[in-house]
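Participant: Once you've had a glance at the structure underneath, I'll fire off some questions.
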Amino acid sequence: MKRDNHLDYHLNQIIVTNGAKQGVFNSVLATVNEGDEVIIPSPYWVSYPDMVSMANGKSVFIQTKEKDGFKLKPQILEKAITPKTKVLILCNPSNPTGSTYTKKELESLAEVIKNKNLFIISDEIYEKLVYGDFKFTSFASINSEMKQRTILVNGVSKTYAMTGWRIGYVAAPENIVDALNKIQSHSTSNASSISQAAAIEALAGPQYVISEMLQEFKLRQEFFHNEITSIKGITCYKPEGAFFLFPNVSSYFGKTLGNHKISDSFDFAMLILQKAHIAAVPGSAFGAEGFIRFSYATSMENLKEAAIRLKRILVKIS
Amino acid sequence: MSLSLIAKSIKASPTLKLNEKFAILKEKGDPVIHLGGGEPKSRMPMDAILATVAHVNTGEVRYAPADGIPALKQAIIRYTEEFYERKVKPENVIASGGAKQAIMVALQAILNPQEEVLFPAPYWVSYPDMAKLIGAIPVAVLPEDGTFYPRLKDITDRVGSYTKAVIINSPNNPTGAMYSEEFIADVVEFCEKKDLWLIMDDIYHRLIFDGKKPINCYKYAKKFDENSKIILINGVSKQYAMTGFRIGWAVGNKKVIEAMSNIQGHQTSGPSVLLQKAAVAALNGIQSGVESLRTTLENNRNVMIDLLNSFEGVKVTKPDGTFYCLADFSAYEKDSNKLSEFLIDKVQVLTVPGKEFGLDGHLRLSYCGTIKDIQDGIERMKWALDPNSANELYIGDRKLVRDWS
């Protein structure tokens, strides 16, 4: 955090978790009371609303727009904040859209939050997966007040392709980390010492593997984005980060292919799964009907084949 | 901005906190003896080590199903058949991040806020806080006859309309008491009659002494398969000395396991595939390590109990299993937190205050370490507490002087 984001944390402001998921889950549990509101920009990562329900909190979704690059606008955030708002969950870069906030955009969100009584859970698990000249900014680094309010969640799963090791971490003010520690000590104990040893080497070791991975991802993103936007009826925001594309496929709704009627993103996903053997996740799972999530964390070969199949099938829809 | 009520209501696991304290003192070079530990010192099975290394060497340590990899489920199915004579299906099994997570997600799956979960005291430190984590009410039941062996009446007296579940941990942490077969039969029957969930925390079931045999709770169950409300908990931590691998499991009806899997899926995504592979190898591999650990622990227990029996003022119940005993030190000090602090400060022996397990005036002493630790540890405690002790004690070349009375 110091090396990459100029953030200073003490050991008692950091907890290692069983995946970033446990970091977010326990952060919600540590802050949200029954009936408290948690603002979640939509499209959102599938687990957030369930985590909030498990804390008996209330998810308040803010629908972001494709034309805004699926980013939360400060004036819309301001309207959504009520006296019951306890937490804002920001997934930056975002799963499922890949959208990533610039420093300026985060500053304008911080301006709104400044005088409000809320925590920010900043899920930065895709931090390293940003492309080109885009510079990632951690929400905790905006200013010292925001650092006091931010529960920063990260992990080794995405950056180092170490999903199966289940190591995440949280950096936050001491009292929050203390609470997270208590909760974790009763729910799972520590993350495995073996996995922690592996994570140390990944974080401290040579980092060139990341830039190699990024170049490869960038190529795949360019390729697949070009391919799908060349299909009539599909529009797609080209995101700054993560490894997802989140195209708008709503122009196909109401149309049919043989016996298949496409009335929503679920139908669309089922159709391409059955007819073209392409697995994608319907936008409705992320609270964004009309869209579909493609992951390009797969080989270029697979992407090429997928593009061919997709075109072949979609042209038949009328 | 304040923390949630739940975060405020729970306290950190005292045993894990003690481990931290031990590590700090040890690093300072202090000659501290850990009689508060909760893990065997034996080697883990070679099969498990090899399986871990083999999987690491594939370079592919990826996401796995949230409820456990099929191979581990199969190993658990076989284990359940061997020890519980019950053939279950994969959908009746979930692998978790330690038996702790298995219990946690089980409670999350079955309890609503304000509902009660009942368990005998002394109890494992995490049960009350786990209940509080979900807004439920923990009800600890201390046996009325003053022993560590509850009777059915102790339970039935406290069951009310809010009671939803009972947790039985036998052999018990912290007392080492293994409840009688008759008691287990009674509880199983009672819970079925009252339609209560019964969580059987069997994590120590093979670590038992004096020729005792593990008890199979299903033997007394009349409800089977999808009607069964028994949730059986176990894991590899204790019996295979694999605490750091964090692999436990639960067996239960399909519906509850499905709910637990969903919760676990959002909570942690399930345990690491690498660690699951190690658990498969431990469960399916050579079992001689379990028996040798059991024999070592039985021998250690004998040494510790003999020493405590000759410790004037201390009363102790001989444990039937685990690697703990809960000894009564109230003749010296009624406040177990104070006593534990005193022992670590004066003679560098780490013990766990009985208060954390719901019984003040007692200390939990572990005999999972070496015989030397047990002997030196008890000797130092005796020196510190017995007013007739010599004025000086040597630890290595350090001289301690008794400047208290």
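Just so you know, all these numbers are worked out from the coordinates, no wet-lab data involved. Just so it is clear, the structure is predicted and the values come from calculations on it, not from any experiment. No Cβ is skipped: glycine too gets one built from the backbone with ideal geometry, and neighbour counts run over all protein chains shown.
Participant: Scattering from the C-alpha atoms of the protein assembly as shown alone, worked out with Debye: what is log10 I(q)/I(0) at q = 0.07, 0.10, 0.12 1/Å?
Facilitator: -0.54, -1.03, -1.36
Participant: How many partner chain Cβ atoms sit within 10 Å of a residue's Cβ in peptide A:160-171, on average, as a whole number?
Facilitator: If you average over the peptide's residues, the count of other-chain Cβ atoms is 4.
Participant: Another question, if that's okay. Sort A:19-26, B:45-52 by the packing proxy (mean of other Cβ within 10 Å over each peptide's residues), most packed first. Can you show the working numbers first?
Facilitator: Values: A:19-26: 28.2, B:45-52: 19.2.
Put in order of decreasing packing, that is A:19-26, B:45-52.
Participant: Could you pull out every residue, at least 5 positions away or on a different chain, whose amide H is within less than 5 Å of the one on residue A:121? Hs are placed 1.01 Å off N in the peptide plane, and Pro or chain starts have none.
Facilitator: Placed amide hydrogens put A:88, A:89, A:90, A:151 under 5 Å from residue A:121.
Participant: Along segment A:69-85, what does the Karplus equation 6.51 cos²θ - 1.76 cosθ + 1.60 (θ = phi - 60°) give for ³J(HN,Hα), rounded to whole Hz, x for Gly and Pro?
Facilitator: For segment A:69-85, the Karplus-derived couplings read x, 6, 9, 6, 9, x, 5, 6, 4, 4, 5, 7, 6, 10, x, 8, 5 Hz, x marking Gly and Pro.
Participant: Among the listed pairs A:275/A:304; B:87/B:132; A:86/B:338; A:2/A:238; A:182/B:193; B:89/B:277, give every one whose C-alpha distance is greater than 27 Å.
Facilitator: Where the Cα-Cα span goes over 27 Å, the pairs concerned are B:87/B:132; A:86/B:338; A:2/A:238; A:182/B:193.
Participant: What are the extents of the Cα atoms of segment A:98-155 along their three principal axes, listed from largest to smallest and rounded to whole Å?
Facilitator: 35, 24, 18
Participant: Using a 7 Å offset from the Cα along the Cα-to-Cβ direction at both residue A:135 and residue A:103, what is the distance between the two label points in nm, to one decimal?
Facilitator: Roughly 0.4 nm, to one decimal.
Participant: Further question on the same structure: Taking amide H positions as placed in the peptide plane 1.01 Å from N, state which residues far from residue B:62 in sequence (5 or more) or on other chains have amide H under 5 Å from it.
Facilitator: A:164
Participant: Just the Cα atoms of segment A:209-314, one point each, no solvent: what log10 I(q)/I(0) does Debye give at q = 0.15, 0.19, 0.21 Å⁻¹?
Facilitator: Rounded to two decimals, the profile gives -0.59, -0.93, -1.13.
Participant: What translational diffusion coefficient, to the nearest whole µm²/s, does segment B:46-284 have by Stokes-Einstein, given a Kirkwood radius computed over alpha-carbon pairs, a temperature of 37 °C and 0.692 mPa s viscosity? Provide the component values of the computation, followed by the final result.
Facilitator: Numbers: Rh = 18.0 Å.
The calculation lands on 182 µm²/s.
Participant: How much length would be gained if the chain were fully extended between residue B:82 and residue B:180, taking 0.36 nm per residue of separation minus their Cα-Cα distance, in nm to one decimal?
Facilitator: Additional length available on full extension: 33.2 nm.
Participant: If you bin the C-alpha pair distances of segment B:72-200 every 5 Å from 0, what whole percents do you get?
Facilitator: With 5 Å bins starting at 0, P(r) equals 2, 10, 19, 21, 21, 16, 9, 2, 0.
Participant: In debye, nearest 20: dipole of segment B:258-405 around its Cα centre with unit charges on the Cβ of K, R (+) and D, E (-)? Walk me through the numbers before you get to the answer.
Facilitator: Working: 16 positive and 20 negative charges, 39 e Å.
Roughly 180 debye for segment B:258-405.
Participant: Based solely on its DSSP helices, what 222 nm [θ] is calculated for chain A when runs of n ≥ 4 H residues each add -39,500 (n - 2.57) and the sum is averaged over all residues, nearest 500 deg cm²/dmol?
Facilitator: -12000 deg cm²/dmol
Participant: Moving on to the next point. Residue A:267 to residue B:89: FRET efficiency via 1/(1 + (r/R0)^6), r the Cβ-Cβ distance, R0 30 Å, to the nearest 0.05? Please report the intermediate quantities before stating the final value.
Facilitator: Values: r = 33 Å, r/R0 = 1.09.
After rounding, the FRET efficiency stands at 0.40.
Participant: Give me a single rounded figure for B:242-249: the average over its residues of other chain Cβ atoms within 10 Å of their Cβ. Show your work: numbers first, answer last.
Facilitator: Details: counts 1, 4, 9, 4, 10, 1, 1, 0.
Going residue by residue through B:242-249 and averaging, the value is 4.
Participant: Something else: Give me the percent relative contact order of segment B:316-375, please, defined on Cα pairs under 8 angstrom at least 6 residues apart. Mind showing how you got there, number by number?
Facilitator: On the way: 86 pairs, mean separation 21.1, N = 60.
Computed over segment B:316-375, the figure is 35 percent.
Participant: How big is segment B:1-127 in terms of Cα radius of gyration and Dmax, in angstroms?
Facilitator: 19.5, 53
Participant: Work out from phi, with θ = phi - 60° and the Karplus expression 6.51 cos²θ - 1.76 cosθ + 1.60, the ³J(HN,Hα) of each residue of segment A:120-129, listed in order in whole Hz, and give x for Gly and Pro.
Facilitator: Values, residue by residue: 10, 8, 9, 8, 10, 4, 9, 2, 7, 8 Hz.
Participant: Nearest 20 debye, what's the magnitude of the dipole of segment A:209-314 about its Cα centre given +1 on Lys and Arg Cβ and -1 on Asp and Glu Cβ?
Facilitator: Numbers: 12 positive and 10 negative charges, 86 e Å.
In total the dipole reaches around 420 debye.
Participant: I want to verify the translational diffusion coefficient of segment A:2-204 in µm²/s; compute it with Stokes-Einstein, Rh as the Kirkwood radius over Cα pairs, at 20 °C and 1.002 mPa s. Walk me through the intermediate numbers first.
Facilitator: On the way: Rh = 17.0 Å.
For the chosen part, D equals 126 µm²/s.
Participant: Give me the Kirkwood hydrodynamic radius of chain B, using the inverse of the mean 1/r over all pairs of distinct Cα atoms, in Å to one decimal.
Facilitator: Details: mean 1/r = 0.0453 Å⁻¹.
For chain B, the Kirkwood estimate is 22.1 Å.
Participant: Add -39500 (n - 2.57) for each DSSP H run of 4 or more in chain B, then divide by its residues: what number comes out at 222 nm, to the nearest 500 deg cm²/dmol?
Facilitator: Numbers: 13 runs with 161 residues, N = 405.
Computed mean residue ellipticity for chain B: -12500 deg cm²/dmol.
Participant: Please compute, for peptide B:7-14, the average count of beta-carbon atoms on other protein chains lying within 10 Å of each residue's beta-carbon. Show your work: numbers first, answer last.
Facilitator: Values: counts 14, 4, 1, 7, 3, 8, 7, 1.
Partner-chain Cβ atoms within 10 Å, mean over residues of B:7-14: 6.
Participant: Per 0.36 nm of contour for each residue apart, how much would the distance between residue B:292 and residue B:62 grow if the chain were fully extended, relative to their Cα-Cα spacing? Working shown, then result.
Facilitator: Details: separation 230, 0.36 × 230 = 82.80 nm, distance 3.45 nm.
Length gained, residue B:292 through residue B:62: 79.3 nm.
Participant: What is the antiparallel percent of DSSP beta bridges lying wholly in the protein assembly as shown, to the nearest 5? Could the numbers behind the result be given before it?
Facilitator: Details: 40 of 77 bridges.
In the protein assembly as shown, approximately 50 percent of DSSP beta bridges are antiparallel ones.
Participant: Translational diffusion coefficient, Stokes-Einstein: compute it for segment B:280-386 using the Kirkwood radius over C-alpha pairs as Rh, at 25 °C and 0.890 mPa s, and state it as an integer in µm² s⁻¹. Don't skip to the answer; put the middle values down first.
Facilitator: Numbers: Rh = 14.6 Å.
D = 169 µm²/s.
Participant: Enter the Cα centre distance for the pair segment A:20-41 and segment B:373-391, rounded to the nearest angstrom.
Facilitator: Here the two parts' Cα centres lie 49 Å apart.
Participant: Taking 0.36 nm per residue of sequence separation and subtracting the Cα-Cα distance, how much length would be gained by fully extending the chain between residue B:303 and residue B:189, in nm to one decimal?
Facilitator: Numbers: separation 114, 0.36 × 114 = 41.04 nm, distance 3.77 nm.
This chain segment gains 37.3 nm when fully extended.
Participant: List the trypsin sites (Lys or Arg not before Pro) in segment A:214-318 that DSSP assigns to loop (not H, G, I, E or B) and whose Cβ has at most 11 other Cβ atoms within 10 Å. Which are they?
Facilitator: Numbers: sites: A:218, A:220, A:232, A:255, A:261, A:275, A:293, A:304, A:309, A:311, A:312, A:316; in loops: A:232, A:316.
Sites meeting the loop and neighbour criteria: A:232, A:316.
Participant: Along the charge dipole of the protein assembly as shown, pointing to its positive end and built from +1/-1 on Cβ of Lys, Arg, Asp and Glu, which listed residue (B:350, B:331, B:248) has its Cα farthest out?
Facilitator: B:248
Participant: Next up: Starting with the highest mean, order B:199-211, A:100-112 by the number of other Cβ atoms within 10 Å, averaged over the residues of each peptide.
Facilitator: Values: B:199-211: 21.5, A:100-112: 17.5.
Highest mean packing first, the order is B:199-211, A:100-112.
Participant: With a cut-off of 20 Å, note down the residues of segment B:173-205 whose backbone N falls inside the zone around a label point 7 Å from the Cα of residue B:156 toward its beta carbon.
Facilitator: It comes to B:179-199, nothing else.
Participant: Hey, another quick one. How far is it, in nm, from the label point at residue A:318 to the one at residue A:279 when both lie 7 Å from their Cα along the line to the Cβ?
Facilitator: Here the answer is 3.4 nm between the modelled labels.
Participant: What is the dipole size for chain A, taken about its Cα centre, with +1 at each Lys and Arg Cβ and -1 at each Asp and Glu Cβ, in debye to the nearest 20? Don't skip to the answer; put the middle values down first.
Facilitator: Details: 35 positive and 30 negative charges, 170 e Å.
Approximately 820 debye in magnitude.
Participant: With θ set to phi - 60° and the Karplus curve 6.51 cos²θ - 1.76 cosθ + 1.60, what are the ³J(HN,Hα) couplings of segment B:233-249 in order, to the nearest whole Hz, using x for Gly and Pro?
Facilitator: 10, 7, x, 9, 4, 7, 5, 9, 6, 10, 4, x, 7, 6, 10, x, 7
Participant: Among residues other than residue A:224 whose Cβ falls under 14 Å from its Cβ, what is the net charge (Lys/Arg +1, Asp/Glu -1)? Mind showing how you got there, number by number?
Facilitator: Values: positive: A:218, A:220, A:238, A:293, A:304, A:309, A:311; negative: A:216, A:222, A:227, A:301, A:305.
Neighbour charge sum, excluding residue A:224 itself: +2.
Participant: Determine the equivalent ellipsoid of segment A:1-44 by diagonalising the alpha-carbon gyration tensor, then write out the semi-axes as square roots of 5 times the eigenvalues, largest first, rounded to whole Å. Before the final figure, lay out the partial values.
Facilitator: On the way: eigenvalues 121, 43, 26 Å².
For segment A:1-44, the ellipsoid semi-axes come out as 25, 15, 11 Å.
Participant: Give me, ordered by chain and number, the residues 5 or more places off residue B:178 or on other chains with an amide H under 5 Å from its own placed amide H.
Facilitator: Here the answer is B:172, B:320, B:321, since their amide H atoms fall under 5 Å of that of residue B:178.
Participant: How about segment B:292-384: which GluC sites (Glu not before Pro) there lie in a loop by DSSP and see at most 12 other Cβ atoms within 10 Å? Don't skip to the answer; put the middle values down first.
Facilitator: Values: sites: B:298, B:312, B:333, B:341, B:356, B:379; in loops: B:312, B:333.
Here the sparse-neighbourhood loop sites are B:312.
Participant: Just grab the label-to-label distance for residue B:372 and residue A:10, each label 7 Å out from Cα along the Cβ direction, in nm (one decimal).
Facilitator: 3.7 nm
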